[in-house]
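Quick note: the coordinates plus some simple rules give every number you see, no bench work behind them. Here the structure is a predicted model, which means the values were calculated and not measured. All Cβ positions, glycine included, derive from the backbone under ideal geometry; neighbour counts span all protein chains shown.
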């Protein structure tokens, strides 16, 4: 399959040590691909490098070594406007008090396609409405973002990202702070976007079961390095997870083929 994103020996280190660390975080020798049309789940414990990967792929940070290619072109050669037409990021938390309607929020996703203008055109409105319909928030178009529930706000933010018409959609903990119903809705929505629209998705999540359910492949990070990358059943292996997360876990497979990861709580 064709590589949409290719990381070649990417390295990065923050310049000043964090007060919580004896030494600054370092990402070392990151080499991997995101193929066109797949869902790649990025997992790992806190401080493993997941957020740094998002920042590197969205050009918030520049690699200190190695190279990142998007459709065969180095990210260094792309302007931020060009990158924003190809890569969209859905952050973990949307602003709680955002003085815009849902439609206005989603139309912001059209800005990278014409950064010099002040008003949207008919095509922008059509694309924005298609994005709202795909994420189930079209009927909420006139509503204030601040009036939405957590799940509705997450879907509206996702609609804004889709309005960018990206090749790659990056989601940072898309089900964080959501109850079970909205977690299921978001998971189903991501599957539909991938299968029906062919959207390539990079899913960053602490929820190993969600990642196993949605992703075609998993990339497990540990202390700034790739511990393993492959299909969920190859990555979610008890001894490997135990070593990376520092606790005992059990991994079970249901008759339907679903993987379930659980912590083995110590006896008291």
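If r is the Cβ-Cβ distance from residue 144 to residue 119 and R0 is 22 Å, what FRET efficiency results, to the nearest 0.05?
Taking R0 as 22 Å, the efficiency between residue 144 and residue 119 is 0.55.
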Whole-number percent relative contact order across the chain, with pairs defined as alpha carbons under 8 Å at least 6 apart = 23
ask   = Percent antiparallel among DSSP beta bridges with both residues in the chain, to the nearest 5?
value = 60
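Give the relative contact order (percent, whole number) for region 127-268; include only Cα pairs under 8 Å separated by 6+ residues.
In percent, rounded to a whole number, it is 14.
Is region 171-210 best put as rounded, prolate or oblate by its Cα gyration tensor, with a ≥ b ≥ c the root eigenvalues, rounded for a/c under 1.5, and otherwise prolate when a/b is larger than b/c, oblate when not? Present the calculation step by step, with values, prior to reporting the outcome.
Details: a/c = 2.44, a/b = 1.45, b/c = 1.68.
Oblate, since a/c reaches 1.5 and b/c is not below a/b.
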key: Choice from 229, 106, 42 with maximal GNM fluctuation in the chain (Cα, 10 Å cutoff)   = 229
query = Top mean-square fluctuation among 198, 72, 224, Gaussian network model of the chain, C-alpha springs under 10 Å?
reply = 72
inquiry  = Along the Cα→Cβ direction, 7 angstrom out, place labels at residue 31 and residue 55. What is the inter-label distance in nm?
reply    = 2.5
ask   = Which value at 222 nm does the chain reach when only helices count, each DSSP H run of 4 or more adding -39,500 (n - 2.57), with the total divided by all residues and rounded to the nearest 500 deg cm²/dmol?
value = -9000 deg cm²/dmol
note = Shape call for region 96-165, from the Cα gyration tensor axes a ≥ b ≥ c (a/c under 1.5 means rounded, otherwise prolate when a/b beats b/c, else oblate), comes out prolate
ask   = In whole angstrom, how far apart do the alpha carbon centroids of region 185-229 and region 66-90 sit?
value = 20
remark   = Across 111, 245, 182, the residue with the highest GNM fluctuation in the chain (Cα network, 10 Å cutoff) is 245
